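Below: one structure, written as structure tokens.
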Amino acid sequence: MQLEDLHSLTSQALTDIANADSADALENVRVHYLGRKGKLPEIMAGLKDIAPEDRPAFGKGANDFKVQVSEALQSRKTELLSHSSPADAIDVTLPGNTGFRGGIHPIRQIMLRVIDIFDRIGFNVATGPDVESVFNNFDALNTPADHPSRDEQDTFYLSDGSLLRTQTSPIQIRHMLQNPPPVRIIAPGRAYRRDTPDATHSANFHQVEGLYVAENVSLADLKGDLTYFAHEIIGKNTNVRFRPHFFPFTEPSVEVDFTCHVCKGKGCRVCKNSGWIEILGAGMVDPRVFEQVGYNPETTTGYAFGMGLERIAMIMLEIDDIRRLYENDARFLRQFA
Ligand code: PHE
């Protein structure tokens, strides 16, 4: 092989590279010219047959061949990749990147379900601020001045004399002060108590309050509506039990239990063998509360109830420690998303 042959081989190689129309074709061209059994080793092997005075020029020509062909291969490769259709560039058989899109927090999920269930029987959502007056949180709710819940050990007071509401019941007061009867509201929100956090207590938790005020509302309405609620949130086989209780703002007052959803009432570890789970507090609105908001206590009747959402979430979602609901550990939250 002579130097002229080398020049024509180089231009032939560049033409072949330019004509290669796929990655496979280009690879064949590369093997043909630069591969172990290709043209380049052949050229190098031929060096010994070149007249000694021509060798430097031939050696340079051989090197130029290698460099030019390598560069042309590289740029053609880039060109082919950028022009290839997406179908060539992407291997659709590989698993995709499925990022976690987030989800609704379990407390909010339960809150939305409770609201939805009462929405269907005509309850509207009402809200109020977390920072409340002593009047709305205690006085208007007929809570005596010496009631233990008012104690600084139980309630967070702010320096201006207001407090962090200890329950969602002050929303009842706010709503009745601004609206004449009839009233039918469901009021979700945060509540605060000076509890030491443990598996079942948190200083900040959530409640949903219900209030129905009209003429001739009776305990039978309360029982009927809460039974409907039990059937909707837990299931049609759920029984409801009303136990006498005391709240300053309702008379009579009850605590309401649902059939244990785990053992269906047979008795198990979750319900401490009673077959029942305590779900909420309720009662008939005390006439003294109506007096405080300017309703006629002689003609006005109503019921109220309040439930803790953490408690319901823990029972329904089988969560063993209330603190998991606030730690924002994505591995925990993902299970409910
Ligand atoms: N506010 C009460 C509590 O926090 C619950 C309740 C609300 C009871 C309405 C009766 C009526 O425990």
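All conditions but one from (1) assigned to a helix (DSSP H, G or I); (2) among the hydrophobic types (A, V, I, L, M, F, W, C); (3) under 33 Å from the mean Cα position of the chain (by Cα) apply to Met176; the one that does not is (3). Quick check, is Gly302 surrounded by 15 or more Cβ atoms within 10 Å (Cβ to Cβ) and closer than 21 Å to Arg165 by Cα? No, not satisfied. Does Asp221 qualify as being within 21 Å of Ile117 (Cα to Cα) and either among the aliphatic types (A, V, I, L, M) or away from the ligand (no atom under 12 Å from the Cβ) (or both)? The answer is yes for Asp221. If you filter region 305-320 down to residues that are over 18 Å from the mean Cα position of the chain (by Cα) and away from the ligand (no atom under 14 Å from the Cβ), you find that the one that is least open to solvent (accessible area, probe 1.4 Å) is Ile315.
Of the residues making up region 249-273, those that are acidic (Asp, Glu) and open to solvent by less than 30 Å² (accessible area, probe 1.4 Å) are Glu255, Asp257. For region 99-130, residues that are surrounded by 14 or more Cβ atoms within 10 Å (Cβ to Cβ), more than 17 Å from Leu211 (Cβ to Cβ) and β-branched (Val, Ile, Thr) total 2.
Taking first residues from region 281-309 that are farther than 12 Å from Glu209 by Cβ and partners that are among the small types (Gly, Ala, Ser) and part of a helix (DSSP H, G or I), the Cβ contacts under 8 Å between residues at least 6 apart in sequence or on separate chains come to Val289/Ala140; Gln292/Ala140; Val293/Ala140. Pairs linking a residue in region 196-209 that is closer than 24 Å to Phe229 by Cα to a residue that is open to solvent by 40 Å² or more (accessible area, probe 1.4 Å) and assigned to a loop (DSSP other than H, G, I, E, B), with Cβ atoms under 8 Å and 6 or more positions apart or on different chains, are Phe205/Arg193. Would you mention how many residues in region 276-301 are more than 10 Å from the ligand (Cβ to nearest atom) and assigned to a strand (DSSP E or B)? Result for region 276-301: 5. When the residues of region 147-183 are narrowed to those that are more than 16 Å from the ligand (Cβ to nearest atom) and closer than 30 Å to Asn296 by Cβ, which ends up least open to solvent (accessible area, probe 1.4 Å)? Out of the qualifying residues, it is Ser162. Look at Arg323 and say whether it is of a type in the set (Lys, Arg) and either within 14 Å of the ligand (Cβ to nearest atom) or in contact (Cβ under 8 Å) with a residue 40 or more places away in the chain (or both). Considered against the rule, which asks whether it is of a type in the set (Lys, Arg) and either within 14 Å of the ligand (Cβ to nearest atom) or in contact (Cβ under 8 Å) with a residue 40 or more places away in the chain (or both), Arg323 comes out as yes.
Of all the criteria given as (1) under 30 Å from Ser133 (Cβ atoms); (2) within 16 Å of the ligand (Cβ to nearest atom); (3) modelled with pLDDT of 95 or more, the one not satisfied by Ser202 is (3).
Condition test on Glu152, is it touching a Pro at 6+ places or on another chain (Cβ under 6 Å), outside the structural domain of Ala20 (by TED's automatic domain parsing) and more than 30 Å from Asn28 (Cα to Cα)?
Against the criterion (touching a Pro at 6+ places or on another chain (Cβ under 6 Å), outside the structural domain of Ala20 (by TED's automatic domain parsing) and more than 30 Å from Asn28 (Cα to Cα)), Glu152 does not qualify.
The values are calculated or read from the model by the stated rules, or taken from the named source; none is laboratory data. Just so you know, these numbers come straight off a predicted model, no measurement behind them. Please note: Cβ atoms are built from the backbone with ideal geometry, for glycine as well, and neighbour counts cover all protein chains shown. Each accessible area value is taken on the protein alone, full model and side chains, heavy atoms only, with ligands, DNA and RNA left out. Shrake-Rupley method; radii C 1.70, N 1.55, O 1.52, S 1.80 Å.
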